[in-house]
Amino acid sequence: MDRRLYFVLPDLATAQAVERDLLLARVEERRMHFVARRGTDLADLPEATLGQKSDIRHGVFVGLVSGLLVGGAIGLLLYLRPELVGIAVHPGLIVVLAAFGAVFGIATSGFLIGSSTPNVHLKAFERDFARGRIVLMLDLPRERVDEVRELIHAHFPAAEDHGIDATMPAFP
């Protein structure tokens, strides 16, 4: 499983130099994600996607779990108390309402709310963004983490290492 490394770079020139060195070290461009203050021109740097910049992953999870629970609870309530709707309720309705709740929760919490909410990991960098700095997120296989960190520390002392996120998502 991949690990996500975070580095804060002082400016665009440094970010471009880091990208060049990483490419020379055979780090694929698809593993590099640069984020800056909204409206900042990142030139030809690979910019982070909406999914990487927003809290959509967390929102989808919360929506799925809460939708399943609420939909299932409503289905169970209707099954146990059919007088509420005036007809006998089939037990399959519990599953149907749980599935509907999950889909509804994913759509609302994940895609509508999560996509418009900044990623919780990037909130720590708000001051850096305000100062015009650029954040680099690197998604690397576990065995390359130390090698790449040493390369960046050795070649770019101005790059601030902000640690590793061990909960790297399976999908980008």
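Mean residue ellipticity at 222 nm from the helices of the chain, using -39,500 (n - 2.57) per DSSP H segment of n ≥ 4 over the full residue count, to the nearest 500 deg cm²/dmol?
Calculated mean residue ellipticity at 222 nm is -13000 deg cm²/dmol.
Which value, in Å² rounded to 10, gives the accessible area of L138 with a 1.4 Å probe and all protein chains present?
Answer for L138: close to 0 Å² accessible.
How large a share of the accessible area of the chain, in percent, is made up of carbon and sulfur atoms when the probe is 1.4 Å and the other protein chains stay in place?
After summing per-atom areas, the C and S share lands at 63 percent.
Given N residues in the chain, what is its alpha carbon radius of gyration divided by 2.2 N^0.38 Å?
1.41
List every DSSP H helix in the chain whose Cα atoms extend 15 Å or more along the helix's own long axis and whose mean Kyte-Doolittle hydropathy is at least 1.6.
Those that clear 15 Å and a mean of 1.6 are 56-80, 92-105.
Taking H as built 1.01 Å from N, whose amide H comes closer than 5 Å to the amide H of H162, not counting residues under 5 places away?
Y6, F7, V8
Determine the per residue accessible area of region 13-129 with all protein chains present and a 1.4 angstrom probe, expressed in square angstrom.
61
Report the gain in length on full extension from D165 to A107: 0.36 nm times residue separation, minus Cα-Cα distance, nm rounded to one decimal.
Residue separation times 0.36 nm, minus the Cα-Cα distance, leaves 18.3 nm.
Given 0.36 nm per residue, what is the gain on full extension from V65 to E143 after removing their alpha carbon distance, in nm?
Computed gain between V65 and E143 is 24.8 nm.
The values are calculated or read from the model by the stated rules, or taken from the named source; none is laboratory data. Keep in mind the model is a prediction, meaning the values are calculated, not measured. What goes into the accessible areas is simple: the full protein's heavy atoms, side chains included, and nothing from ligands, DNA or RNA. Shrake-Rupley method; radii C 1.70, N 1.55, O 1.52, S 1.80 Å.
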